[in-house]
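What follows is a short report on a single structure.
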Amino acid sequence: MQATKTVHVGLFPRIAVDHCGSGELVVFLHGIGGNRRNWKSSLPVFGEHFLAAAWDARGYGDSDDYAGALRFHDFSDDLARVLDHFGVDRAHLVGLSMGGRIALNFAQRHTDRLHSLTLCATFKGFGTFSDAAKAEFIRSRKEPLLNGQEPADIAEDVARSLLSPGASDAALQQLVDSMQRLHKESYIKSIEAMVHEDVDASLDHVRVPTHVVCGASDPLAPPAMSREIVRLIPHAELTLLPDTGHLLNIENPSGFNDVVLNFLLRRRASAALSA
């Protein structure tokens, strides 16, 4: 297995990135309650074939917090800085939940910098939500924190709500640890920015090979949402992982690694043949 190294990209906010391997860059993007540690079971596997990297988005993990408001596209622009750091024009993006929304936003803002997209437990966006539904989404997620609770206080309840009934204790504890590491203010900013600014639901801008992966038992982004994405992106592929919830890379790491790596290796082989 490849040894993993950590770098900090840029000046402010600095972005913490774990990486290993060499070749085409694959960047793993965590969800709204995550950090780069969520990909610890994936990076060494993908590092055998690619330059595999996982970041802490701004305000998460070991990346810098920041003053002022968050614009959702700030994540995409930070991601462009990560590609620049590794000296590559294009990358494969593997995004989970909010990470998938960041990947789609990046596809819109930096169209020419993608090899492929892998969208995991992702939905189209908030463009079809009413103002009332958006307000309720935000309220339900940030109200406990505004009322004095800390991420550690809500971690186990949130973690259990995202996993399938058959999830292992190890998966639960890994997800609880992830939630406990949240930066409270940055997490609230992410919730608000994702709802208010992440509104493009057309997907017309996606022009690269796309793989949509969903846990068959995902309570937050069920398979119907993944099928809708596949319907809207020409030639997109869909993979359902059985008996798996929202955090499919944590709950079913071997199944997740197998299907995502297979897609990327096939795409690379196809690109080589057409070159």
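The values are calculated or read from the model by the stated rules, or taken from the named source; none is laboratory data. This is a predicted model, so every value here is computed, not measured. In this analysis, Cβ positions are derived from the backbone assuming ideal geometry, glycine residues included, and neighbour counts consider all displayed protein chains.
Listed values, structure above:
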item	result
Failed item in (1) of a type outside the set (Lys, Arg); (2) in a strand (DSSP E or B); (3) more than 21 Å from residue 71 (Cβ to Cβ), with residue 16 passing the rest	(3)
Meets criteria (buried (at least 24 other Cβ atoms within 10 Å of the Cβ) and of a type outside the set (S, T, N, Q)) for residue 132	no
Pairs with Cβ under 9 Å, 6+ apart, first in region 158-175 and among the aromatic types (Phe, Trp, Tyr) and surrounded by 14 or more Cβ atoms within 10 Å (Cβ to Cβ), second at pLDDT 90 or above and not in a loop (DSSP other than H, G, I, E, B)	none
Tally, over region 135-147, of residues that are β-branched (Val, Ile, Thr) and surrounded by fewer than 11 Cβ atoms within 10 Å (Cβ to Cβ)	0
Condition met for residue 77 (surrounded by fewer than 20 Cβ atoms within 10 Å (Cβ to Cβ) and under 17 Å from the mean Cα position of the chain (by Cα))	yes
Residues that are surrounded by fewer than 20 Cβ atoms within 10 Å (Cβ to Cβ) and either in contact with a Cys (Cβ under 6 Å, 6 or more places away or on another chain) or acidic (Asp, Glu) (or both), drawn from region 94-126	112
Residue tally, condition under 29 Å from residue 216 (Cα atoms), touching a Leu at 6+ places or on another chain (Cβ under 9 Å) and either in a loop (DSSP other than H, G, I, E, B) or aliphatic (A, V, I, L, M) (or both), over region 103-151	11
Residue in region 30-49 that is in a strand (DSSP E or B) and among the basic types (Lys, Arg) present	no
Test set (1) within 23 Å of residue 50 (Cα to Cα); (2) not in a helix (DSSP H, G or I) - residue 71 fails condition number	(1)
Qualifying residue in region 186-209 (condition: touching an Asp or Glu at 6+ places or on another chain (Cβ under 7 Å) and not hydroxyl-bearing (Ser, Thr, Tyr))	no
Candidate set from region 237-275 (those that are part of a helix (DSSP H, G or I) and of a type in the set (Gly, Ala, Ser)); member that is surrounded by the most Cβ atoms within 10 Å (Cβ to Cβ)	255
Within region 152-163, considering residues that are of a type outside the set (D, E, K, R) and assigned to a helix (DSSP H, G or I), the one nearest to residue 217 (Cα to Cα)	162
Flag for residue 234 being within 19 Å of the chain's Cα centre (by Cα), surrounded by fewer than 16 Cβ atoms within 10 Å (Cβ to Cβ) and in a loop (DSSP other than H, G, I, E, B)	no
Considering residues of region 29-44 that are buried (at least 20 other Cβ atoms within 10 Å of the Cβ) and farther than 27 Å from residue 68 by Cβ only, the residue nearest to the chain's Cα centre (by Cα)	39
Hits in region 192-245 (condition: farther than 26 Å from residue 268 by Cβ, in contact (Cβ under 8 Å) with a residue 24 or more places away in the chain and hydrophobic (A, V, I, L, M, F, W, C))	193, 194, 195, 199, 201, 216, 220, 221, 225
Selected residue (only one of 220, 248 is within 15 Å of residue 31 (Cβ to Cβ) and in contact with a strand residue (DSSP E or B) (Cβ under 9 Å, 6 or more places away or on another chain))	248
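Here is a yes/no grid of residues against (1) more than 18 Å from the chain's Cα centre (by Cα); (2) assigned to a loop (DSSP other than H, G, I, E, B); (3) of a type in the set (Lys, Arg):
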residue: 170; (1), (2), (3): yes, no, no
residue: 188; (1), (2), (3): no, no, no
residue: 192; (1), (2), (3): no, no, no
residue: 195; (1), (2), (3): no, no, no
residue: 206; (1), (2), (3): no, yes, no
residue: 219; (1), (2), (3): no, yes, no
residue: 224; (1), (2), (3): yes, no, no
